[in-house]
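A quick write-up on the structure given underneath.
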Amino acid sequence: MTFKESPEAVAQVLRHALVGDDLPDSFTLLGREWTLHRGVFPGTLSAATEVMASTVPYPRGGSFLEIGCGTGVISVTAALAGCVSVTALDINEKAVANTAANAERHGVSDRVRVLHSDMYTALGPTERFDTIFWNVPWTYVEDGFSLSTDLHSAVFDPGYQGQARYIAGAHEHLADGGRLLLGTADLGDRERLDAFAEEAGMRVELLRRVRRIEEVRVMEYHMLELHAK
Ligand SMILES: C[S@@+](CC[C@H](N)C(=O)[O-])C[C@H]1O[C@@H](n2cnc3c(N)ncnc32)[C@H](O)[C@@H]1O
């Protein structure tokens, strides 16, 4: 079964995550304690962070690029799982600081580089990674929808332009034989995503499907891999 959420319902959750004075400054996930900065996508807002962090096939001994690192749970987990070099980037400066704090907290600052970047823009033109991953803002909204707060960019993707840029730009930063992964859910718009992959000459494979009961609904998370055709 597929559910679609209204942007208003999502925005209400965001308002609480931004201004709720009951929000703690840390959370526990995957058996570890994580620092949470206000204005950053909380790793416990849904099960997405936990599901993706434990589902990504990390390139042990290799390099990992995470787009949209948020609190840094996935990038830090990648470093702890044996990636020798991790680049974590986010368009939200608060997320950059939050990821740096969590890399420090878990003793992996030496192999987690954190960048403030809109998609791949802050990377050098020759930088290549064994695996590139993004836990995407899967809520589709029309082009022109205003991303009025940092958290809006964490959950809304106007026209799916962010995901289109993610897919189209990846080939410039994938090592030979590298893997392009994308974490989404059944609330996302797969048809639109597949159309952008098609435009970029790629096909989408469902690597893992994970179902979680969340409050009143069952959410289904999808780990996708994009392959050159
Ligand atoms: C669903 S959140 C995931 C956060 C974190 N990876 C996690 O799993 O908890 C999506 C993240 O993508 C970031 N983001 C959105 N658009 C971006 C862009 N154009 N470039 C870089 N990061 C972006 C958001 O700021 C947000 O931190």
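The values are calculated or read from the model by the stated rules, or taken from the named source; none is laboratory data. Source: prediction; values computed, not measured. A quick note on method: Cβ atoms are made from the backbone with ideal geometry, for glycine too, and the neighbour counts reach across all protein chains shown.
Of the residues making up the stretch 64-106, those that are among the charged types (D, E, K, R) and touching a residue at least 60 places away in the same chain (Cβ under 8 Å) are 66, 105. A single entry from 206, 193, 226, 181 fulfils the requirement of being closer than 17 Å to residue 158 by Cα and among the hydrophobic types (A, V, I, L, M, F, W, C): 193.
Okay, residues lined up against (1) aliphatic (A, V, I, L, M); (2) within 21 Å of residue 79 (Cβ to Cβ); (3) modelled with pLDDT of 95 or more; (4) more than 14 Å from the chain's Cα centre (by Cα):
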residue	(1), (2), (3), (4)
109	no, yes, yes, yes
113	no, yes, yes, yes
129	no, yes, yes, yes
139	no, no, no, no
157	no, no, yes, no
174	yes, yes, yes, yes
181	yes, yes, yes, no
188	no, no, no, no
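Kindly establish whether residue 93 is more than 24 Å from residue 184 (Cβ to Cβ), modelled with pLDDT of 95 or more and touching a His at 6+ places or on another chain (Cβ under 6 Å). For residue 93, the condition - more than 24 Å from residue 184 (Cβ to Cβ), modelled with pLDDT of 95 or more and touching a His at 6+ places or on another chain (Cβ under 6 Å) - is met. Scoring residue 119 on the criteria (1) out of contact with any Asp or Glu (no Cβ under 9 Å at 6 or more places or on another chain); (2) away from the ligand (no atom under 15 Å from the Cβ) leaves a single failure, condition (2). Of all the numbered requirements in (1) more than 10 Å from the ligand (Cβ to nearest atom); (2) modelled with pLDDT under 95; (3) among the aliphatic types (A, V, I, L, M); (4) touching a strand residue (DSSP E or B) at 6+ places or on another chain (Cβ under 9 Å), residue 40 misses one, and that requirement is (1). Taking the listed residues 50, 93, the one that is surrounded by fewer than 18 Cβ atoms within 10 Å (Cβ to Cβ) and either of a type in the set (A, V, I, L, M, F, W, C) or within 14 Å of the ligand (Cβ to nearest atom) (or both) is 93, with no other qualifying.
Any residue at all in the stretch 162-174 that is of a type outside the set (Asp, Glu) and either closer than 19 Å to residue 11 by Cβ or part of a strand (DSSP E or B) (or both)?
Looking through the stretch 162-174, at least one residue is of a type outside the set (Asp, Glu) and either closer than 19 Å to residue 11 by Cβ or part of a strand (DSSP E or B) (or both).
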